[in-house]
Amino acid sequence: SQTIHQWPATLVQPVGSPLSLECTVEGTSNPNLYWYRQAAGRGLQLLFYSVGIGQISSEVPQNLSASRPQDRQFILSSKKLLLSDSGFYLCAWRDDRIYEQYFGPGTRLTVT
Amino acid sequence: GQSLEQPSEVTAVEGAIVQINCTYQTSGFYGLSWYQQHDGGAPTFLSYNALDGLEETGRFSSFLSRSDSYGYLLLQELQMKDSASYFCAVSNEAGTALIFGKGTTLSVSS
């Protein structure tokens with residue numbers, strides 16, 4: 001069966017510090033991978049998606065970046081965090097042949 | 001671009017029926033999905049409609065009218081555990097990623 005992992009679960013970082021969030025998927029190959037952000041009490045904002053290794057599409061211009069160094073690994077990064085980067089970051093995957101999207105447990109980021 | 005509208009909050013009592021509406025605008029349509037998210041948790045898939053009509057899965061049903069760019073999620077025999085946020089979603093223009101509405105918070109009381 002397929003599983004998706006995200007770490008860390010919670011993170012408190014000062015403004016201006018770097019960020020690296022990692023997501024890995026097991027039990028499938030060549031998945032579509034996604035990063036979403038959810039501000040407190042708000043909807044899910046699509047940040048990046050990837051349909052293959054090295055292929056990254058950005059939906060919202062900001063100080064975040066994403067990379068996919070391996071087939072089942074998706075990394076979200078920032079060189080300098082802003083207060084507005086606080087939120088709940090969710091990684092998700094989908095098999096291109098089906099419509100259901102599966103989410104990881106999320107990382108709750110607080111920028112102070 | 002894609003946009004979705006759904007009510008921000010809905011309240012109901014246990015055992016009742018509630019309908020959460022969703023209207024969408026999209027430049028390419030690949031279907032309407034619904035997700036449930038409990039407080040502090042990750043969203044989980046509930047249903048998907050690609051064609052017009054009603055899809056039933058236990059206590060939950062989902063309806064789609066492509067001509068009206070409209071759908072709804074129907075929750076029957078409400079239970080306290082149904083208190084959660086519900087999101088409708090459509091694919092982006094390329095059909096490669098889901099765009100979510102802002103969510104409807106359902107509160108079920110006894």
(request) Go through A:Leu76, A:Leu46, A:Leu33 for me and flag whichever is touching a residue at least 12 places away in the same chain (Cβ under 8 Å), out of contact with any Lys or Arg (no Cβ under 8 Å at 6 or more places or on another chain) and within 20 Å of A:Glu100 (Cβ to Cβ). (result) A:Leu46
(message) Checking the structure you have, find out if any residue of the range B:13-21 is under 12 Å from the mean Cα position of the chain (by Cα), of a type in the set (S, T, N, Q) and more than 14 Å from every other protein chain (Cβ to nearest Cβ).
(response) yes
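Residue by residue, here is whether (1) loosely packed, with under 14 Cβ neighbours inside 10 Å; (2) within 25 Å of A:Leu90 (Cβ to Cβ); (3) more than 13 Å from the chain's Cα centre (by Cα) holds:
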{"site": "B:Pro43", "(1), (2), (3)": "no, yes, no"}
{"site": "B:Leu46", "(1), (2), (3)": "no, yes, no"}
{"site": "B:Phe60", "(1), (2), (3)": "no, yes, no"}
{"site": "B:Arg66", "(1), (2), (3)": "no, no, yes"}
{"site": "B:Ser69", "(1), (2), (3)": "no, no, yes"}
{"site": "B:Leu73", "(1), (2), (3)": "no, yes, no"}
{"site": "B:Glu77", "(1), (2), (3)": "yes, no, yes"}
{"site": "B:Phe87", "(1), (2), (3)": "no, yes, no"}
{"site": "B:Asn92", "(1), (2), (3)": "no, yes, yes"}
(message) Looking for something small (Gly, Ala, Ser) and more than 30 Å from A:Ala9 (Cβ to Cβ) - is there at least one such residue anywhere in the range B:72-88?
(response) no
(message) As an exercise: evaluate B:Tyr24 against (1) at positive phi; (2) surrounded by 12 or more Cβ atoms within 10 Å (Cβ to Cβ) and give the number of the one condition it does not meet.
(response) (1)
(request) Among what's in the range A:28-41 and is outside any strand (DSSP E or B) and buried (at least 16 other Cβ atoms within 10 Å of the Cβ), pick the residue that is modelled with the highest pLDDT. (result) A:Pro31
(request) Would you be able to say whether some residue in the range B:62-85 is within 13 Å of chain A (Cβ to nearest Cβ) and touching a residue at least 60 places away in the same chain (Cβ under 8 Å)? (result) no
(request) Output the number of residues of the range A:91-112 satisfying the condition of being away from chain B (no Cβ under 13 Å), of a type in the set (Val, Ile, Thr) and surrounded by 19 or more Cβ atoms within 10 Å (Cβ to Cβ). (result) 1
(request) Please determine, by comparing only the residues of the range B:27-41 that are surrounded by fewer than 15 Cβ atoms within 10 Å (Cβ to Cβ) and farther than 19 Å from B:Ala84 by Cα, which one is modelled with the lowest pLDDT. (result) B:Gly28
(message) Can you find, within the range A:63-90, the residue that is surrounded by the fewest Cβ atoms within 10 Å (Cβ to Cβ) among those that are under 28 Å from B:His38 (Cβ atoms) and touching a Phe, Trp or Tyr at 6+ places or on another chain (Cβ under 6 Å)?
(response) A:Ala66
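The values are calculated or read from the model by the stated rules, or taken from the named source; none is laboratory data. Worth saying up front: this structure is predicted, and the values here are computed from it rather than measured. Every residue, glycine as well, gets a Cβ built from its backbone with ideal geometry; the counts of neighbours run over all protein chains shown.
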